[in-house]
1. Any residue that is modelled with pLDDT under 95, of a type in the set (G, A, S) and under 14 Å from the mean Cα position of the chain (by Cα) - is there at least one of those in the stretch 7-21?
2. Search the stretch 134-181 for residues being touching a Gly at 6+ places or on another chain (Cβ under 7 Å) and at pLDDT below 95, and hand back the single one that is least open to solvent (accessible area, probe 1.4 Å).
3. Under the condition of being over 17 Å from the mean Cα position of the chain (by Cα) and open to solvent by less than 70 Å² (accessible area, probe 1.4 Å), which residue from the stretch 40-73 is nearest to R151 (Cα to Cα)?
4. Only residues that are without any contact (Cβ under 8 Å) to a residue 60 or more places away in the chain, within 17 Å of I156 (Cα to Cα) and of a type in the set (A, V, I, L, M): list them for the stretch 67-123, please.
Amino acid sequence: EEIRPPRSDSLSAPPDPALFVFARPISELLDIPDEDPDWMVDQLFTASSNGWIGAEPKVGKSWVGLELGYCLATGDAFLGRFAVSVRRKVLYVQEEDSRRRVRRRLGQIINGNPLRSRPSDEYFRYAIREGFRIDNPFWIEILRLEVIGFRPEVIILDVFNQLHGKNENDQKEMTEILRIL
């Protein structure tokens with residue numbers, strides 16, 4: 001049996017270094033069969049990936065995130081162009097915009113295409129202005145319980161600067177936030 005070391009942030013005791021396999025022959029890597037990725041959104045987002053929608057303020061990031069959530073939950077093409085391979089459960093957490101604004105925007109996303117309909121509760125859940133914070137253990141536990149109960153494949157967190165109390169210009173503080181995520 002192969003022994004792997006604990007992650008650097010793990011509290012477990014390290015394994016016996018003499019039993020640990022570190023370097024492997026390059027042929028082992030090259031002999032691994034190439035697999036097509038599981039595209040959630042064709043050519044844009046793969047399953048088990050992490051991503052960011054980044055741009056200047058007020059250019060439509062929240063609209064794009066809401067469109068992405070809608071398309072993943074319904075199986076509709078993202079932005080009318082990029083195929084969604086299979087419906088995915090989506091948890092949408094919004095800490096900047098009001099319920100009214102999100103409801104209006106989602107209505108426009110749905111009503112802007114006569115072929116679109118409401119997403120199913122089975123595939124799309126939301127939390128708007130609940131006070132969620134990535135750096136608060138209470139909220140991380142709430143999120144963990146939601147993940148266990150609802151089992152979302154995608155979690156959209158909007159907007160990043162409202163989701164924590166850390167200094168975004170401090171690398172150490174942002175590293176802490178990213179580790180939590």
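The values are calculated or read from the model by the stated rules, or taken from the named source; none is laboratory data. If you're wondering where the values come from, they're calculated on a predicted model, not measured in any experiment. Here the Cβ positions follow ideal geometry from the backbone for every residue, glycine too, while neighbour counts run over all protein chains shown. Quick note on the areas: whole protein, heavy atoms, side chains included, nothing else; ligands and nucleic acids left out. Shrake-Rupley method; radii C 1.70, N 1.55, O 1.52, S 1.80 Å.
1. No, the conditions are met nowhere in the stretch 7-21.
2. Applying the filter and picking the extreme gives D158.
3. G60
4. Correct list: A73, L79, V84, V102, L106, I109.
Per-residue answers, yes or no, for (1) of a type in the set (D, E, K, R); (2) under 24 Å from H164 (Cβ atoms); (3) in contact with a Phe, Trp or Tyr (Cβ under 6 Å, 6 or more places away or on another chain):
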residue: V64; (1), (2), (3): no, yes, no
residue: A73; (1), (2), (3): no, no, yes
residue: D76; (1), (2), (3): yes, no, no
residue: G80; (1), (2), (3): no, no, no
residue: V86; (1), (2), (3): no, no, no
residue: D97; (1), (2), (3): yes, yes, no
residue: R100; (1), (2), (3): yes, no, no
